[in-house]
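The values are calculated or read from the model by the stated rules, or taken from the named source; none is laboratory data. For clarity, every value in this text was computed on a predicted model and none was experimentally measured. Positions of Cβ are generated from backbone atoms using ideal geometry, with glycine treated the same way; all protein chains shown enter the neighbour counts.
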Amino acid sequence: MGLMTFSSCNESSENVENQSVNLKEIDLDLTALRVNSSNLFTYTSKAQLLSEIPRAVDVLYDDAQRELTNNSNLTHVTFLVRFSQGKAVISEVAYVNANSRTIYDGAWLDSRGQFVSNTNSSLGLLPGLPWDAILKGGCPQGYTSLGTCSNTGSTASITACISTAISTFLSSTISAVGGCAETRVSVGILNTRVSGKTC
């Protein structure tokens, strides 16, 4: 059984924006994501949205664990997923080592809806990425902590814990297909943190 703890976001945590962050490249293949695009799934009702969450979490968690296993320099893989207008879309992925404060790679959706990899872009590293949350393990500004799931135990119990956190949040924030919410899932070596906000 997965373990979920609920915590509040501490906005008094040390601000890391003025501190140095190392940028390095390792061989990460963003095309290896099993989702094969930024679209996780589409939905036509709230019930369908909630029923698709477990499958999507399974895919994201599996992809993150594969990257963590294959790249010993990583401590976290973070996904930002937006639920809006009948689509669940990955809008950001970041690969980091929080211990050494190193950002290895990342990608985000551009204005055309295409993934832009940090290593292939002159736009700079992940605009708007909440460094404090990624490097310190807290919530991004404006987000609420939805829970922390221990990454010990069976994969099924871990993904069930993550799915429950996301589904509970979406149940209370999205009342119709046109509603909008975002969840940030940060899969680490020891635990997975989930936070969310309405759009």
Checklist line | Members of the stretch 38-86 found to be polar (S, T, N, Q) and closer than 26 Å to residue 102 by Cβ, listed by number | finding: 38, 65, 69, 70, 71, 72, 73, 75, 78
Next item on the list: Run residue 156 past the list (1) at pLDDT 75 or above; (2) buried (at least 19 other Cβ atoms within 10 Å of the Cβ) and report the number of the one that doesn't hold.
Entry: (2)
Next item on the list: Could you grab me the full set of residues in the stretch 77-107 that are touching a Gly at 6+ places or on another chain (Cβ under 9 Å) and of a type in the set (A, V, I, L, M)?
Entry: 77, 89, 93, 94, 96, 98
Margin query: Quick test of your reading of the structure: residue 138 fulfils all but one of (1) surrounded by 19 or more Cβ atoms within 10 Å (Cβ to Cβ); (2) at pLDDT 80 or above; (3) of a type outside the set (Phe, Trp, Tyr); (4) assigned to a loop (DSSP other than H, G, I, E, B). Name the failing condition by number.
Written below: (2)
Item checked: Long-range neighbours under 6 Å by Cβ, at least six apart or interchain, first residue touching a residue at least 60 places away in the same chain (Cβ under 8 Å) within the stretch 50-69, second among the aliphatic types (A, V, I, L, M) and part of a helix (DSSP H, G or I) -> 53/166; 57/162
Next item on the list: Go through the stretch 59-92 residue by residue and tally those that are modelled with pLDDT of 85 or more and closer than 19 Å to residue 39 by Cα.
Entry: 21
Item checked: Every pair of residues 6+ apart whose Cβ atoms lie under 6 Å, when the first sits in the stretch 162-191 and is in a loop (DSSP other than H, G, I, E, B) while the second is among the small types (Gly, Ala, Ser) -> 174/181; 177/86
Check: Where residues in the stretch 143-199 are charged (D, E, K, R) and touching a Phe, Trp or Tyr at 6+ places or on another chain (Cβ under 9 Å), which of them is nearest to residue 58 (Cα to Cα)?
Finding: 184
Check: Hey, among 150, 145, 167, which residue is within 21 Å of residue 52 (Cβ to Cβ) and modelled with pLDDT of 75 or more?
Finding: 167
Check: Looking at the stretch 37-74, which of its residues are surrounded by 21 or more Cβ atoms within 10 Å (Cβ to Cβ), over 19 Å from residue 154 (Cα atoms) and out of contact with any helix residue (DSSP H, G or I) (no Cβ under 8 Å at 6 or more places or on another chain)?
Finding: 38
